[in-house]
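See structure below.
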Amino acid sequence: MIVLGIESTAHTFGVSIIDYDKKKVLSNIIKGFTTKSGGMIPAKVADHHVENCDSVISQAITKAKIKESNIELISFSQGPGIGHSLRIGAFAARTLSIKYDIPLIGVNHCIAHLEIGRALTKATDPVLLYVSGANTQVIAYDGGKYRVFGETLDIGVGNFLDSFARFVGLGFPGGPKIYELSLKSKNYIELPYTVKGMDVSFGGLLTHLKKLYKSEKYKLEDLCYSLQETVFAMLLEVSERALAHTDKKELILGGGVACNLRLQEMSDKMCKDRDAKCFVLENRYNLDNAAMIALLGAMMYKEGRIRQNIKDTEIHPYERTDDVNVTWRK
Ligand code: AMP
Ligand code: MG
């Protein structure tokens, strides 16, 4: 089954074509909104997606060496995400579906991160540490749903990194720049460590870091090193408890922050210490991408027997991971 997926939950507009039965990604085109100053202004991001929508779709089709008439399913990110961005992807998906008379299905973006992790690694029943710009959740399957075992109580860890980077003039996205600077230091500065039960929070830490930076008493590289050590330890404390609680033996990292090599190293160590296995995807499948959207669409349509009518494809900006009934997993 040839599936076209569209991703547009935030700053990335992506289109991918997969051959579901042959388990092959035929194309995976990504166009990301970037800015040197400021952050993501929703209306500007939507303009970016509108400007790039047609060319990204054509590139994906050309690269996959298929014709529109070969596509058997269209799948798109229905939520959660920024309404302005989601609307453009949903609109493009509906248009293609109506024009070429192809079935259409909207999927949950967070679950797509987990399913591509299962599809591309040997993990079968993992805990997902999903760390992206807007989202930070520890997710695992239990009783017919993907349950959220822990999450951020305020901003996502990626937003935390990007906000600090913007404050100190590093630009957007800030995660990779903070990582580069962190490599120049081994000088740990004590920082607030906020784990509450199974949840984490970054707002207080961000305020504290801004104060330390403004005091001009600390080197930026020491702050970058220390903040990474602190927030990654917080995330892994919760992930480890989720592994213990669910008795699962596999951890997958997903989301843009999963590209961070220090987080990967710390995750691997935590897993080894408790006889679990840590799986990391290639960066292009950690970042927001449409291959995972196409994949989840195919699973829901083929294994889960879910079909949607156009009228059921309105976007769900606030959809929760555990709102979705997982009908496609045996
Ligand atoms: P996503 O929302 O999943 O596309 O992820 C975007 C987020 O990933 C942004 O907040 C980036 O700053 C962050 N990011 C990307 N690469 C890295 C990296 N190497 N280290 C830390 N954060 C990263
Ligand atoms: Mg994501």
When you scan region 82-161 for strands (runs of 3 or more DSSP E) that lie fully inside it, which ones turn up with 3 or more residues that are within 20 Å of M299 (Cβ to Cβ), outside the structural domain of T246 (by TED's automatic domain parsing) and aliphatic (A, V, I, L, M)?
-> 104-108
Only listed residue being at positive phi and more than 17 Å from the chain's Cα centre (by Cα), chosen from D142, D125, D101 | D101
Out of the residues in region 25-60 that are assigned to a strand (DSSP E or B) and of a type in the set (G, A, S), state the one that is surrounded by the fewest Cβ atoms within 10 Å (Cβ to Cβ).
-> G32
Of the candidates G169, G203, G143, the one satisfying the condition of being without any contact (Cβ under 8 Å) to a residue 24 or more places away in the chain, within 22 Å of M40 (Cα to Cα) and either surrounded by fewer than 21 Cβ atoms within 10 Å (Cβ to Cβ) or polar (S, T, N, Q) (or both) is G169
Condition met for S75 (assigned to a strand (DSSP E or B) and either more than 19 Å from the chain's Cα centre (by Cα) or more than 14 Å from ligand 2 (Cβ to nearest atom) (or both)) | yes
With (1) within 23 Å of Y20 (Cβ to Cβ); (2) within 15 Å of ligand 1 (Cβ to nearest atom) as the list, and L253 as the residue in question, which single condition is left unmet?
-> (1)
Residues located in region 207-222, provided they are within 29 Å of A242 (Cβ to Cβ) and either in contact with a helix residue (DSSP H, G or I) (Cβ under 6 Å, 6 or more places away or on another chain) or outside the structural domain of L129 (by TED's automatic domain parsing) (or both) | L209
Counted residues in region 237-266 being assigned to a loop (DSSP other than H, G, I, E, B) and free of Cβ contacts under 8 Å to residues at least 40 places away in the same chain come to 2
Being small (G, A, S) and farther than 14 Å from G256 by Cβ narrows G133, G150, G174, G158 down to just G150
Out of curiosity, is G174 touching a strand residue (DSSP E or B) at 6+ places or on another chain (Cβ under 6 Å) and either modelled with pLDDT under 95 or closer than 21 Å to A244 by Cβ (or both)?
-> no
What tally of residues in region 295-315 results from selecting those that are in contact with a Lys or Arg (Cβ under 8 Å, 6 or more places away or on another chain), modelled with pLDDT of 95 or more and under 13 Å from F91 (Cα atoms)?
-> 2
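The values are calculated or read from the model by the stated rules, or taken from the named source; none is laboratory data. Every value quoted in this text rests on a predicted model; they were computed, and no experiment measured them. Methodologically, a virtual Cβ is constructed for each residue, glycine included, from the backbone with ideal geometry; neighbour enumeration extends over all protein chains shown.
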